[in-house]
Structure formats: C-alpha cells, structure tokens
Amino acid sequence: MLWHILDIENNAHHRDLLDMSVLYPGGAIASDAMPWKLPDGSTYKGDAWPLPEDATSHPRSAGCFTRFIREWVRERQAVSLLEGIRKCTLIPAEILSPSTPAMRCKGRLQPGADADIVVFDFDTLTDRATFSAMNRPSEGVRHLMVSGQPLITDGVMDLAARPGLPVRRPVAGR
C-alpha cells in the first residue's frame, strides 16, 4: 500500500486510513521507492553523499523509519518497540526474500546475516526532513554499522564510508 497525499493534521478520516495501513498486523514499514528529483525535474542519478541540497523527494524518504518509531512506538504507544523494529526490518526482508534471496540475510541478527546494525537513543530518535528540507537526516542514531563497517559512530556520520552493496533480484533465465 502506498499513500502519496494525506492531510492527517486536518482530516480525521485520513489519519484513520494511515493508522490502519501502518498498524496492519504483519504489515511492513518501508520507503525506498521514491526517486530523488533535481530542480529541472530530472531524476538524480549521482552517488554524492550527503545528497545534493537541491535533490528533493518526499520527506519520508529521509525519515520513514525514525518517524514511525517516534510517532507510533514512542509517542502514541500504538505498537511495542519490538514490533516496531520488526515492522521496519524483518517483515520487509521476509516479504522480499522469496523473489530476492539476498534478503534472507537482512532484518535479523544471527550468524551469517549481513551485520547491518543500528543503535539509537529511543528518547531522542526523530525525523527532521520537511517539505522545505527533504533530505535532512534524522537525529538520535548513535551508531550504524553496514556490512559490519561503521557508518555512524557516536552520532557522527563518516561521509567517506561506503559500506554495503545494493541488493539485486536475480534475473530470470540467467
């Protein structure tokens, strides 16, 4: 399910629809499908990190998971922290694993997994992206390891670090 435009501040029915989809039992929280656009309308295809200031997308592209944990887990207590983490990690991996075998090593801490680990401060974790600053990073992530390599240490991102590899689905017939 994908929601593009909901006026949740002014429309109670929109808030109910969003809650129904976000809190659906066994439902995943994921926001990786929105392309980053440049002012001329073209899709950003570069690899600059951090993203260029003029690259835009929906603010949830930069703050999807932190917003969910902050709002539905911490503030509203609509789901437990354990279930919130599961909705952001294991469930998306399980949904994709039948078609994308590499996802069998994602979303879980166990021997043979990819060692992507995040340590966050539950009390300060928050999204900061807005429609006027769409690629502003979230706050409250203390440490982040990707493929066992540090990307964020003591809250500071190593902009030169490039750990991890893209996950690709096998092409049929090859």
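The values are calculated or read from the model by the stated rules, or taken from the named source; none is laboratory data. Quantities reported herein were computed from a predicted structural model and do not represent experimental measurements. Cβ: placed from backbone, ideal geometry, glycine included. Neighbour counts: every protein chain shown. Heavy atoms of the whole protein, side chains included, go into the accessibility calculation; ligands, DNA and RNA do not. Shrake-Rupley method; radii C 1.70, N 1.55, O 1.52, S 1.80 Å.
Figure legend. Inter-residue proximity from region 129-146: first residues within 18 Å of R70 (Cβ to Cβ) and open to solvent by 70 Å² or more (accessible area, probe 1.4 Å), second residues among the aromatic types (F, W, Y) and in a strand (DSSP E or B), beta-carbon distance below 7 Å, spacing 6+ or different chains. Indicated pairs: R142/F120. Flag: D40 does not match the condition of being in a loop (DSSP other than H, G, I, E, B), under 26 Å from V156 (Cα atoms) and free of Cβ contacts under 8 Å to residues at least 40 places away in the same chain.
For region 67-83, the tally of residues that are closer than 16 Å to D121 by Cα, free of Cβ contacts under 8 Å to residues at least 24 places away in the same chain and of a type outside the set (D, E) stands at 3. For region 6-22, a residue qualifies if it is more than 21 Å from H58 (Cα to Cα) and either open to solvent by less than 90 Å² (accessible area, probe 1.4 Å) or touching a residue at least 60 places away in the same chain (Cβ under 8 Å) (or both), and exactly one does: A12. For region 41-57, which positions are of a type outside the set (A, V, I, L, M, F, W, C) and on the phi < 0 side of the Ramachandran plot? Of everything in region 41-57, those that are of a type outside the set (A, V, I, L, M, F, W, C) and on the phi < 0 side of the Ramachandran plot turn out to be S42, T43, Y44, K45, G46, D47, P50, P52, E53, D54, T56, S57. D47 meets the conditions (1) modelled with pLDDT of 90 or more; (2) closer than 30 Å to K106 by Cβ; (3) open to solvent by 50 Å² or more (accessible area, probe 1.4 Å); (4) part of a loop (DSSP other than H, G, I, E, B) in every case but one. The failed one is (1). The residue list L82, L109 contains one member that is surrounded by fewer than 16 Cβ atoms within 10 Å (Cβ to Cβ) and not in a loop (DSSP other than H, G, I, E, B), which is L82. Note on region 112-158: residues that are among the aromatic types (F, W, Y), over 24 Å from Y44 (Cα atoms) and assigned to a loop (DSSP other than H, G, I, E, B) total 1. Which number in (1) part of a loop (DSSP other than H, G, I, E, B); (2) open to solvent by 50 Å² or more (accessible area, probe 1.4 Å); (3) at pLDDT 90 or above marks the one condition that L2 misses? Just one mismatch for L2, condition (3).
Being open to solvent by 70 Å² or more (accessible area, probe 1.4 Å), outside any helix (DSSP H, G or I) and touching a Leu at 6+ places or on another chain (Cβ under 8 Å) is a property that D54 has. With respect to being of a type outside the set (S, T, N, Q), open to solvent by less than 70 Å² (accessible area, probe 1.4 Å) and at positive phi, G63 falls outside the description.
Sort out which residues of region 94-106 are within 17 Å of M145 (Cβ to Cβ) and buried (at least 17 other Cβ atoms within 10 Å of the Cβ), and write them in order of number. K106 - this is the single residue of region 94-106 that is within 17 Å of M145 (Cβ to Cβ) and buried (at least 17 other Cβ atoms within 10 Å of the Cβ).
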